[in-house]
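The values are calculated or read from the model by the stated rules, or taken from the named source; none is laboratory data. In this text the structure is predicted, and so the values were computed from the model without any measurement. Here the Cβ is made from the backbone with ideal geometry for all residues, glycine too, and neighbour counts use every protein chain on show. Accessible surface is based on the protein model in full, side chains and every heavy atom, while ligands, DNA and RNA are left aside. Shrake-Rupley method; radii C 1.70, N 1.55, O 1.52, S 1.80 Å.
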Amino acid sequence: MKELYSAYTDDELWLIKETEWNRDIQNIRGSQFALGNGCLGTRGICEEIPYDAVQGTFIAGVYDRVSSKVSELVNLPNPVNFHLTLEGGEKVGVINMDVIDHRRALNMKRGVLVRHTLFQDAQKRRYNYQSLRLLSMHEKNIGAIQIVFKPLDSDCEVDVYTGIDIAIYNTGGISEGRKRHFRVKGLGQEHDAGYLIVDTLEKKHTIAYWSGFYYEINGKTTYAKDNIFRLKLEKDQTVTFTKIFCIKHFPYEEGAHHCKRHAYEVFNKAFHESFPSLLKKHIQAWERLWEKADVAVGGTANIQQNVRFNIYHMLACGHYDNGFSSIGARTLSGEGYRGHIFWDSEIFLMPFYLFTFPELAKNMLLYRYQRLDAARKLAKEEGYQGAKFAWESGDTGEEETPEWARDIDRTIVRIHTHKWEHHLTADIAYAVYKYYVVTKDKEFMADYGFEILFETARFWASRVHCNRKRKKCEINNVIGPDEFHINVNNNAFTNIMAKWNLITAHKMYRVLKQQKALCKSLRDKLNLTEEEVRAWKEISYGITMNTNRKGVIEQFDGYFKLREVSLRRTDENGIPLIPSRIKAKDLGKTKLVKQADVLMFLVMLDDIFSRKTKEVNYEYYMPRTVHRSSLSAPIHSLIACEVGDINKAYSLFNVGLRADISNLYGNTYEGIHAASLGGVWQAVIFGFAGVKVKKEELHINPRMPRTWSCIDFSLTWREDTIGFNASNNVVKLKIDSKKKKQVKIYVFGKAHLYKTNKQYTIKRPIPKKKEEYY
């Protein structure tokens, strides 16, 4: 059988493949093979929609909460819907027919999903089926599918159905069944194409669909008048079906005439453009993204494929829409966590965008700024000042955390994160400051950044309790990143990040004062006084953390007195197994840690803490951490690099790397884990490549696994693009810039001014020796 799309399956380093049909994992594949362009996302289901397939079509930022207890990312009508039925009623598909051969491949470089399946019907007649589909990265509202069908053993009649599937629901939760978040407002056929207009039930959004279809037999192209028709095919006769669709979102409009007309204009242009032209523009757009984002690892092919898999999914959900949307915990590949925005976005994902596509990082921060009033309202409702951001956020910035969820042992438990997990507010301030350091975007700070820093500092100033007896400021009744321990006092991560937020807001106020007009404008807007700003610094001095004689930072008050548990067994990935005698409800009585907590702020505030502090705490907390979150392994890989434990760093990196490609957490079917994607990138760039920002200056000092020869990557640094080729003993760099200037970079610990647009090779003064290892 001739492979019609072989040009898209010829480079193994850019492919994620399935080589057989396995019904049991089809919904895992739906997440892994998801297509996206940041605006739209569709799950990688088979076009015939097999029974039990979890469909998913999403628009970034489109939520609805009618018939649901919290808002949800709306699962919209599915345009990837193509059915062939043979005369006699037998459907062409992986469920209804015998599958002699089946292969699919996600080409990550080009953003296309390719398929080749050989079917056999009940009469042992064979049919060759091939397809290619995409969501255009060039024109974000357009998608396309091309399907090639050929009967191999006899003539046949085939009924074709390719409408837009409106029998779509959001999956149910623990306390609610499935629900539909849209209603059909209008549908019909015009201009040799079909349209569908739907509103979300809260009447916030109108979504207009257009879909057109044509087929080619023996070189003759026919535009279909309807979504349903019959074709007669001779043996070995090939028919090529091409479907172009447009999905465009608008603010709710009662009549929707404007929506329908405007969406048609976008659709019509694409519909009457040749499929090769659409495909070419889409591929060129993807290639431009990869020019900046690719990380080439001089290691095994499997490592390279999986690194690109993680980057691909970050590229597929990155988008600029002036803060209308941000990136949810499961990207645009599934309904997991109802599409809500967590701290995952700013702390785990944003560094990738910040150093590759700063505009997308800015969009994530604009999302928070657009919801600053909602954060102010939340703080006021809880008796605090300033702004407190929602732990789980949707479209409005209101708190969207569900009341109930399943624990790690699948028991149903009440959720308290929205009440006590307040560190998110400092995390957002941290992201704002990091954006400023890397970009020096003064306009952003003037328009948005200062305001976020000051309002979050206000929150912490009102959140602390000054304990005169202990002569310190305390933050009680919180949950840190380690969610095994709830409602604790003085969680070290929360305290240190709050302290950092207060100090940094005070520092940036001093920067702001140099711009007198802007400073006065913001002071008037926020009713901010010099006395209040001074108080931030004074309060920060009182926020402390407990340490023992060895320098181990106590995770929270009383942690050192909890029950010690020895973790003697691990799974096949080296992840500790919790002893069966310990129930999930009792984990809070032990020293077991769910994910990085103390070690998390040692990574985030890397330039504040000494190597000795990192080593002591790494040695203490690593054996007590069970990594029951996809966030955990990559961050522990990074801190392991910091303390020189490269073997452990590499082991945990591989866990994070394979979180979704190997379904390590058993829930990839709900969507790709966004935090793990970003964490893996950080483990490679900040960990193994040794890139750091210390005191607002760029450093690189590689410490790579012995099996890696080099890492080739690019970073954006203050409007310039720096290309690096790094090995343990040699760093090559070139600064691409529109300006002639010198850029200060620390390489192997030594600062130097490097001229732009010139190639440099820097060798480590004392080369690292290659040690024997197993």
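A quick yes/no check of all residues on (1) within 20 Å of residue 244 (Cβ to Cβ); (2) buried (at least 21 other Cβ atoms within 10 Å of the Cβ); (3) of a type outside the set (Phe, Trp, Tyr):
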| residue | (1), (2), (3) |
| --- | --- |
| 117 | no, yes, yes |
| 121 | no, no, yes |
| 136 | yes, yes, yes |
| 141 | yes, yes, yes |
| 147 | yes, yes, yes |
| 152 | no, no, yes |
| 159 | no, no, yes |
| 169 | no, no, no |
Just to be sure I understand the filter: pairs with C-beta atoms under 7 Å, separated by 6 or more residues or on different chains, first member in the range 631-652 and on the phi > 0 side of the Ramachandran plot, second member open to solvent by 10 Å² or more (accessible area, probe 1.4 Å) and aliphatic (A, V, I, L, M). Which pairs pass? none
Here is a check on your reading of the model: is residue 292 open to solvent by 40 Å² or more (accessible area, probe 1.4 Å), of a type outside the set (Phe, Trp, Tyr) and either under 30 Å from residue 173 (Cα atoms) or in contact with a helix residue (DSSP H, G or I) (Cβ under 9 Å, 6 or more places away or on another chain) (or both)? yes
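Of all residues being assigned to a strand (DSSP E or B) and open to solvent by less than 10 Å² (accessible area, probe 1.4 Å) in the range 676-704, which is farthest from residue 296 (Cα to Cα)? Just the residue, please.
Residues of the range 676-704 assigned to a strand (DSSP E or B): 691-694, 697-700.
This time we only want the ones that are open to solvent by less than 10 Å² (accessible area, probe 1.4 Å), so: 691, 698, 700.
Details: 691: 16, 698: 21, 700: 17 Å.
That would be 698.
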For residue 513, indicate whether it is of a type outside the set (Ser, Thr, Tyr), touching a helix residue (DSSP H, G or I) at 6+ places or on another chain (Cβ under 8 Å), open to solvent by 10 Å² or more (accessible area, probe 1.4 Å) and touching a residue at least 24 places away in the same chain (Cβ under 8 Å). no
What pairs come up if the first residue lies in the range 694-709 and is farther than 19 Å from residue 610 by Cα, the second is open to solvent by 70 Å² or more (accessible area, probe 1.4 Å) and not hydrophobic (A, V, I, L, M, F, W, C), and their beta carbons are under 7 Å apart, counting only those six or more places apart or on different chains? 706/770; 706/773
Tell me, yes or no, whether the range 359-368 has at least one residue that is of a type in the set (S, T, N, Q) and either within 30 Å of residue 684 (Cβ to Cβ) or modelled with pLDDT of 95 or more (or both). yes
For the range 418-432, name all the residues that are in contact with a helix residue (DSSP H, G or I) (Cβ under 9 Å, 6 or more places away or on another chain) and open to solvent by 20 Å² or more (accessible area, probe 1.4 Å). 430
Hey, does the range 541-561 have a residue that's within 30 Å of residue 626 (Cα to Cα), over 36 Å from the mean Cα position of the chain (by Cα) and in a helix (DSSP H, G or I)? yes
Sort through 461, 457 and tell me the only one that's buried (at least 24 other Cβ atoms within 10 Å of the Cβ) and closer than 19 Å to residue 384 by Cα. 457
Within the range 332-344, track down each residue that is open to solvent by less than 10 Å² (accessible area, probe 1.4 Å) and in contact with a strand residue (DSSP E or B) (Cβ under 7 Å, 6 or more places away or on another chain). 333, 339, 340, 341
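Residue by residue through the range 181-237, note down the ones that are acidic (Asp, Glu), surrounded by fewer than 17 Cβ atoms within 10 Å (Cβ to Cβ) and within 26 Å of residue 256 (Cα to Cα). Give the steps one after another, and end with the answer.
Step one: filter the range 181-237 for residues acidic (Asp, Glu), giving 190, 192, 199, 202, 216, 226, 234, 236.
This time we only want the ones that are surrounded by fewer than 17 Cβ atoms within 10 Å (Cβ to Cβ), so: 190, 192, 202, 216, 226, 234, 236.
Within the range 181-237, 190, 192, 202, 226 qualify.
Return the only residue of 529, 547 being open to solvent by 20 Å² or more (accessible area, probe 1.4 Å), among the hydroxyl-bearing types (Ser, Thr, Tyr), free of Cβ contacts under 8 Å to residues at least 12 places away in the same chain and within 26 Å of residue 599 (Cα to Cα).
Working: 529 fails: within 26 Å of residue 599 (Cα to Cα).
Only one candidate qualifies: 547.
Can you name the strands (runs of 3 or more DSSP E) wholly within the range 30-117 that have at least 2 residues being small (Gly, Ala, Ser) and under 26 Å from the mean Cα position of the chain (by Cα)?
On the way: elements: 40-42, 57-59, 83-86, 98-107.
Counting at least 2 such residues, we get no strands (runs of 3 or more DSSP E) at all.
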For the range 242-261, give me each residue that is among the small types (Gly, Ala, Ser) and either open to solvent by 20 Å² or more (accessible area, probe 1.4 Å) or in contact with a Cys (Cβ under 9 Å, 6 or more places away or on another chain) (or both). 255
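Might you let me know whether the range 146-157 holds any residue that is under 24 Å from residue 75 (Cα atoms) and modelled with pLDDT of 95 or more?
Here is the first cut: in the range 146-157, the ones under 24 Å from residue 75 (Cα atoms) are 146.
Within this subset, residues satisfying the condition of being modelled with pLDDT of 95 or more are 146.
Taking every residue of the range 146-157 in turn, at least one turns out to be under 24 Å from residue 75 (Cα atoms) and modelled with pLDDT of 95 or more.
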Cβ-Cβ under 7 Å, sequence separation 6+ or interchain: first residue in the range 319-335 and closer than 13 Å to residue 673 by Cβ, partner open to solvent by 40 Å² or more (accessible area, probe 1.4 Å) and among the charged types (D, E, K, R). Which pairs? 330/670; 334/670
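Kindly indicate which of 306, 302, 322 is touching a Leu at 6+ places or on another chain (Cβ under 8 Å), farther than 15 Å from residue 34 by Cβ, surrounded by fewer than 18 Cβ atoms within 10 Å (Cβ to Cβ) and not hydrophobic (A, V, I, L, M, F, W, C). Show your work before the answer.
Working: 306 fails: surrounded by fewer than 18 Cβ atoms within 10 Å (Cβ to Cβ); 302 fails: touching a Leu at 6+ places or on another chain (Cβ under 8 Å).
Checking each option against the conditions leaves just 322.
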Can you say whether residue 685 is closer than 24 Å to residue 621 by Cβ and in contact with a strand residue (DSSP E or B) (Cβ under 9 Å, 6 or more places away or on another chain), as far as the supplied structure shows? yes
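Restricting to strands (runs of 3 or more DSSP E) lying wholly in the range 166-285: which have 3 or more residues that are more than 34 Å from the chain's Cα centre (by Cα)? Explain how you work it out, then say what you get.
Working: elements: 182-190, 193-200, 205-217, 220-223, 228-233, 239-251.
By residue number, 182-190, 205-217, 220-223, 228-233.
Within the group 98, 10, which residue is open to solvent by 10 Å² or more (accessible area, probe 1.4 Å) and more than 30 Å from residue 155 (Cα to Cα)? Please lay out each step first, then the result.
Working: 98 fails: more than 30 Å from residue 155 (Cα to Cα).
On inspection, the qualifying residue turns out to be 10.
Which residues, counting only those in the range 262-278, are over 22 Å from residue 60 (Cα atoms) and open to solvent by 30 Å² or more (accessible area, probe 1.4 Å)?
268, 269, 272, 273, 274, 276, 277
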